[in-house]
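Novice: Take a look at the following structure, please.
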Amino acid sequence: MFGEGILKGLAETARNFFGSYVSKDRLTTVQFPEQRLPQIEAARNFPFLVYDGEDWQQGMRCVSCFICEKECPPKCIFIEKSTDKKPDAVGKPQFYPKVFNIDVSVCMSCQICVEVCPFDAIKMDVAFEHSTNNRFAGLLWDKKELAKPNEYYRQIHPIEAAAVDAALAEERAKVAAKAKAAADAKAAAIAAAAASTSVEVATEK
């Protein structure tokens with residue numbers, strides 16, 4: 001029948017229109033910004049840098065490995081490595097980014113930077129209200145603007161963050177166990193050397 005598809009479409013529109021007066025499930029309009037739908041965990045917009053603790057500079061997980069910069073398809077990430085080192089999230093001395101910029105006017109939200117990061121330092125945010133009247137400096141975010149605490153990461157991606165925290169805790173435990181074993185071995189060597197010295201002194205007497 002000619003025009004059957006149009007009639008079906010109009011019927012579906014009428015059903016949803018009149019149904020919205022009697023069914024909340026059909027009332028899908030949200031009065032933004034006064035009303036907001038909760039963000040789903042899989043949502044993603046632009047990247048941010050995760051840091052642990054209170055100090056965003058000291059606790060930043062990024063170690064300037066340049067992997068995200070190299071793998072970024074639109075080349076919107078720019079990193080400069082520091083000349084000194086600081087302890088990372090698991091206590092190992094690591095380099096850190098002296099400069100870390102992302103040009104979000106170019107970013108395509110592909111999440112490749114997140115997938116290739118071996119330190120779980122960069123994640124995707126769900127925030128989307130980033131309008132600005134400065135199309136250049138306003139859309140070039142530095143590491144201070146990008147830095148967000150691990151608590152924020154837990155709020156927006158709870159399942160993913162829990163897995164990352166568990167992996168980091170396991171890594172910290174391994175590092176602590178290794179350090180303890182090294183300290184015990186050193187103490188044992190010192191004790192053995194002291195005992196040997198005591199035996200030699202006793203023998204000379």
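The values are calculated or read from the model by the stated rules, or taken from the named source; none is laboratory data. Source: prediction; values computed, not measured. A quick note on method: Cβ atoms are made from the backbone with ideal geometry, for glycine too, and the neighbour counts reach across all protein chains shown.
Novice: Name the residue that is surrounded by the fewest Cβ atoms within 10 Å (Cβ to Cβ), counting only residues in the stretch 128-168 that are out of contact with any helix residue (DSSP H, G or I) (no Cβ under 8 Å at 6 or more places or on another chain) and polar (S, T, N, Q).
Specialist: If we take residues in the stretch 128-168 being out of contact with any helix residue (DSSP H, G or I) (no Cβ under 8 Å at 6 or more places or on another chain) and polar (S, T, N, Q), then N133 is surrounded by the fewest Cβ atoms within 10 Å (Cβ to Cβ).
Novice: A further question follows. Give the stretch 134-192 a look and list any residue that's acidic (D, E) and either touching a strand residue (DSSP E or B) at 6+ places or on another chain (Cβ under 9 Å) or not in a helix (DSSP H, G or I) (or both), or say none.
Specialist: D142, E145, E160
Novice: Find the residue count for the stretch 71-95, including only residues that are over 18 Å from L146 (Cβ atoms), free of Cβ contacts under 8 Å to residues at least 24 places away in the same chain and among the basic types (K, R).
Specialist: Going through the stretch 71-95 one residue at a time, the tally reaches 1.
Novice: Using the structure shown, decide if V50 is in contact with a helix residue (DSSP H, G or I) (Cβ under 8 Å, 6 or more places away or on another chain) and at pLDDT 90 or above.
Specialist: Spelling it out, V50 is indeed in contact with a helix residue (DSSP H, G or I) (Cβ under 8 Å, 6 or more places away or on another chain) and at pLDDT 90 or above.
Novice: Please enumerate the residues belonging to the stretch 52-91 that are of a type in the set (K, R), assigned to a loop (DSSP other than H, G, I, E, B) and surrounded by 13 or more Cβ atoms within 10 Å (Cβ to Cβ).
Specialist: The one that is of a type in the set (K, R), assigned to a loop (DSSP other than H, G, I, E, B) and surrounded by 13 or more Cβ atoms within 10 Å (Cβ to Cβ): R61.
Novice: Looking at D25, is it over 25 Å from R135 (Cβ atoms), loosely packed, with under 13 Cβ neighbours inside 10 Å and modelled with pLDDT under 95?
Specialist: Criteria met by D25.
Novice: Tally time: how many residues in the stretch 96-126 are in a strand (DSSP E or B), touching a residue at least 40 places away in the same chain (Cβ under 8 Å) and surrounded by 15 or more Cβ atoms within 10 Å (Cβ to Cβ)?
Specialist: 7
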